[in-house]
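For reference, the structure discussed in these notes is given below.
The numbers here are math on the coordinates, done by the rules we state, and not lab data. What you see is a predicted model, and the numbers here were worked out from it, not measured in a lab. Note: ideal-geometry Cβ built from the backbone for every residue, glycine included; neighbour counts use all protein chains shown.
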Amino acid sequence: MDMQVVSHSCVAPGVWQMELTGPFAYGAVQPGQFLQVLVGNGQTHVLRRPISIGHVCSLQERLTLVYKVVGRGTHELSQLKAGTVVDVLGPLGQGYPLPQASEDVVVFGGGLGIPPLRQLVEALHDAGNRVHVILGWASGQDAFWIEHFSRCAEQVIPATDDGTLGVHGTVIDAAGQLSTIGQRVYACGPKPMLYAVQQWAAAAGIPAWISLEERMACGVGACTGCVCQTTSGMQRVCADGPVFRADEVIL
Ligand SMILES: Cc1cc2nc3c(=O)[nH]c(=O)nc-3n(C[C@H](O)[C@H](O)[C@H](O)COP(=O)(O)OP(=O)(O)OC[C@H]3O[C@@H](n4cnc5c(N)ncnc54)[C@H](O)[C@@H]3O)c2cc1C
Ligand code: FES
């Protein structure tokens, strides 16, 4: 479907925030779902690029994405001006399951895994949960959206590899500052971080859900180009995930 770029700006070096509007099933978005974004007219980049839905405003009919320029597709995307039309597919995939009753929830985010967690934390907060958030980046200059998380969370603990913001260390090092280890855990970020969260939650005996990233082709479950190994066999990250129970994924 065609959506229009409303605003597009840098939120950290090489990291862009794009706000889109247009006909979309805003109310149907589950936190953790993603869009398949067509770059250009699809001739130079045949494959769509998967980007998580970071924030949804149904009232204003707006979707917000945050992405990092890592290659030709995201570079071309970063050149788009407000008013440009972008062809997107979505919302796609299985999002994070929310608790049935009010809980203390711990959310771990790392780098460009952080965007979909904003929608998740808002949904958790709106449903009456107490949310404790740990956000990790390489350096303080890479940080974005802390203010949005702070509006809904009991605590937001930043952590950086170089110690320029928050805890000097990983998100797991920062977990020592949590006021509770919570009753469930959600995470999105690079694979080594997800592995560490998987181990942390298992040691604490807390159920956890993690969102995986794989290179994608169709994005809708048709090509098996994005499979991951789980305890019940190979699963498609785009259609069976990207969110999986942490204890079912073999990382
Ligand atoms: C479900 C899902 C949600 C995503 N959400 C976001 C998001 O919210 N923000 C964001 O910045 N990125 C996100 N990504 C990653 C994003 O899709 C890739 O960075 C993007 O497709 C790269 O396109 P490119 O043409 O610029 O890079 P390419 O030229 O295709 O590749 C450049 C480099 O990026 C790596 N890369 C490409 N695709 C992926 C991928 N899917 N996962 C990991 N590394 C990749 C390549 O291995 C290569 O090193 C998500 C990926 C998935 C699967
Ligand atoms: S990208 Fe085709 S099945 Fe997932």
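Asp173 - would you say it is in a loop (DSSP other than H, G, I, E, B) and out of contact with any helix residue (DSSP H, G or I) (no Cβ under 9 Å at 6 or more places or on another chain)? Answer is no for this residue.
Do we find that Ala222 is surrounded by fewer than 14 Cβ atoms within 10 Å (Cβ to Cβ) and within 14 Å of ligand 2 (Cβ to nearest atom) in this structure?
yes
The set of residues from the stretch 117-164 being outside any helix (DSSP H, G or I) and acidic (Asp, Glu) comprises Glu154, Asp161, Asp162. Restricting the stretch 69-91 to residues that are surrounded by fewer than 15 Cβ atoms within 10 Å (Cβ to Cβ) and not β-branched (Val, Ile, Thr) leaves a set whose member that is farthest from the chain's Cα centre (by Cα) is Gly83. Taken together, the residues in the stretch 12-33 that are under 23 Å from Val69 (Cβ atoms) and surrounded by fewer than 16 Cβ atoms within 10 Å (Cβ to Cβ) amount to 2.
For (1) assigned to a strand (DSSP E or B); (2) within 16 Å of ligand 2 (Cβ to nearest atom); (3) surrounded by fewer than 20 Cβ atoms within 10 Å (Cβ to Cβ), each residue gets a yes or a no:
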residue	(1), (2), (3)
Ile181	no, no, yes
Ala196	no, no, no
Ala203	no, no, yes
Met216	no, yes, no
Cys238	no, yes, no
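Selection of the stretch 220-235 for residues being in contact (Cβ under 8 Å) with a residue 12 or more places away in the chain and either within 11 Å of ligand 1 (Cβ to nearest atom) or among the β-branched types (Val, Ile, Thr) (or both) yields Val220, Thr224, Cys226, Val227, Cys228, Thr230, Thr231. If you go through the stretch 34-67 and keep only what is touching a residue at least 12 places away in the same chain (Cβ under 8 Å) and surrounded by fewer than 17 Cβ atoms within 10 Å (Cβ to Cβ), you end up with Gly40, Gly42, Thr44, Leu47, Cys57, Ser58, Gln60, Glu61.
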